[in-house]
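Step one of this worksheet: look at the structure below.
The values are calculated or read from the model by the stated rules, or taken from the named source; none is laboratory data. What you see is a predicted model; the values in this text were computed from it and never measured. With ideal geometry, Cβ positions are generated from the backbone for all residues, glycine too; neighbour counts draw on all protein chains shown. Surface accessibility is based on the protein's heavy atoms, side chains included, excluding ligands, DNA and RNA. Shrake-Rupley method; radii C 1.70, N 1.55, O 1.52, S 1.80 Å.
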Amino acid sequence: MLTGAGISAESGVPTFREPGGLWDSAPVDKVATAEGFAADPPGVWQWYHERRREMSAARPNAGHTALAELEQRITAGGGEFTLITQNVDGLHVAAGSQSVIRVHGSLADVRCTRCEFRRHVGMGQIDDVPTCPQCGVPLRPDVVWFGEALPAEAWQAAAGACGRCDVFMAVGTSALVHPAAGLIDLAIDAGAKTVEINVAPTPASHMVDIPLRGPAGEILPQIVQ
Ligand code: BJW
Ligand code: ZN
């Protein structure tokens, strides 16, 4: 299972590339690259504080809950279920999903731009520009920006699961951002039955066996039923 921003849309969390989405109001190279952060830590933090505030008010929707239930059922029957998410909002864990691989990090975590310091800070209010207690430089959100490698352990686990799965679903992702979008190809190459759930077509739509058009919060509960 690969999820993207669309699964959280029905919880009120904005997506990136839809009209009116996050990339309409923020320049990607300024807020989602290491270079942009180095040039203006307060400006980038301001944008992330606003998103953290939005996320702290968001609650899991029927799509998140359905995936948690699907996992419970499959594992109770002795099967394997892996939820790979590109989302940084924490809503899958809040919904009760157990096996969650976050390939783009988490907005509830910060890390140092110089040393190995990392801390879970939750979604509550933090300093305007938090600094590292070990070396004093600005801390950054522990998310993956463009041009950065995905966390190695998470990526290996995600690629491994896709390489041995029988059924693969891509839910609420534009399938444009790599390497995450390449997980769909890995699953196809592994011979998996593939499903896409999305309100709009994506580059993956013609690749999957079953493209399902509609909101994840409606389709996923029906699949579980
Ligand atoms: C609904 C719905 C509802 C709405 N129900 N559906 C190969 C080819 C081309 C480019 C590259 C490539 N390999 C690498 C690249 C470069 C780049 C990339 O992919 N660029 C493309 C955009 C062109 N990738 C990278 O830079 C990655 N790093 C990398 O490759 O490093 C290489 C390296 C190796 C070794 C050492 C060093 C470097 C990193 C990518 C990081 C992405 N980060 C972001 C920001 C995270 C932090 C934050 O949140 O601020 O991750 S960008 C943003 O996009 C975010 C998302 O996770 C990601 C994916 O977006 P997502 O989730 O798909 O959202 P949307 O908005 O695009 O789509 C929403 C979808 O939902 C839509 O389809 C709607 O229709 C649908 N929807 N409501 C169902 N109710
Ligand atoms: Zn440090």
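In order along region 25-35, the Karplus-derived 3J(HN,Hα) couplings, from 6.51 cos²θ - 1.76 cosθ + 1.60 at θ = phi - 60°, round to 10, 9, x, 3, 5, 8, 9, 10, 9, 5, 5 Hz, and Gly and Pro are given as x.
In this simple spin-label approximation, Gln125 and Val224 carry label points 7 Å from Cα along the Cα→Cβ vector, and these lie 3.5 nm apart. Averaging Cα coordinates gives a centre for region 75-138 and one for region 146-185; these two points are 17 Å apart. Taking the longest Cα principal axis of the chain as reference, the axis of helix 41-57 is set at about 40 degrees.
Whole-Hz Karplus values for region 171-183 come out as 10, x, 10, 6, 6, 9, 9, 9, x, 4, 4, x, 5 Hz, taken residue by residue from phi with 6.51 cos²θ - 1.76 cosθ + 1.60 and θ = phi - 60°; glycine and proline positions read x.
Taking each pair of distinct Cα atoms in the chain once, what is the resulting Kirkwood hydrodynamic radius in Å? If you can, show how the numbers build up before the last one.
Working: mean 1/r = 0.0552 Å⁻¹.
Computed over Cα pairs of the chain, the Kirkwood hydrodynamic radius comes out at 18.1 Å.
Ellipsoid semi-axes for region 56-175, based on the Cα gyration tensor and the rule √(5λ), read 30, 17, 12 Å when sorted largest first. Rounded to the nearest 20 debye, the dipole magnitude of the chain is 280 debye, with +1 charges on Lys and Arg beta carbons, -1 on Asp and Glu beta carbons, and the Cα centre as origin. For the pair Val167 and Arg53, a Förster radius of 45 Å applied to the C-beta separation gives a FRET efficiency near 0.80, rounded to the nearest 0.05. Placing a pseudo-label 7 Å from each Cα along the Cα-to-Cβ vector at Ser99 and Arg17 gives an inter-label distance of 2.8 nm.
Across Trp23, Trp145, Trp45, mean-square fluctuation computed from a Gaussian network of the chain (C-alpha pairs under 10 Å connected) peaks at Trp23. What net charge is computed for the residues neighbouring Gly214, neighbours being all others with C-beta under 13 Å from the C-beta of Gly214, Lys and Arg scored +1, Asp and Glu -1? Neighbourhood net charge equals -2. Round to a whole number: what % of the accessible area of the chain belongs to carbon and sulfur, probe 1.4 Å? Answer for the chain: carbon and sulfur cover 52 percent of the accessible area.
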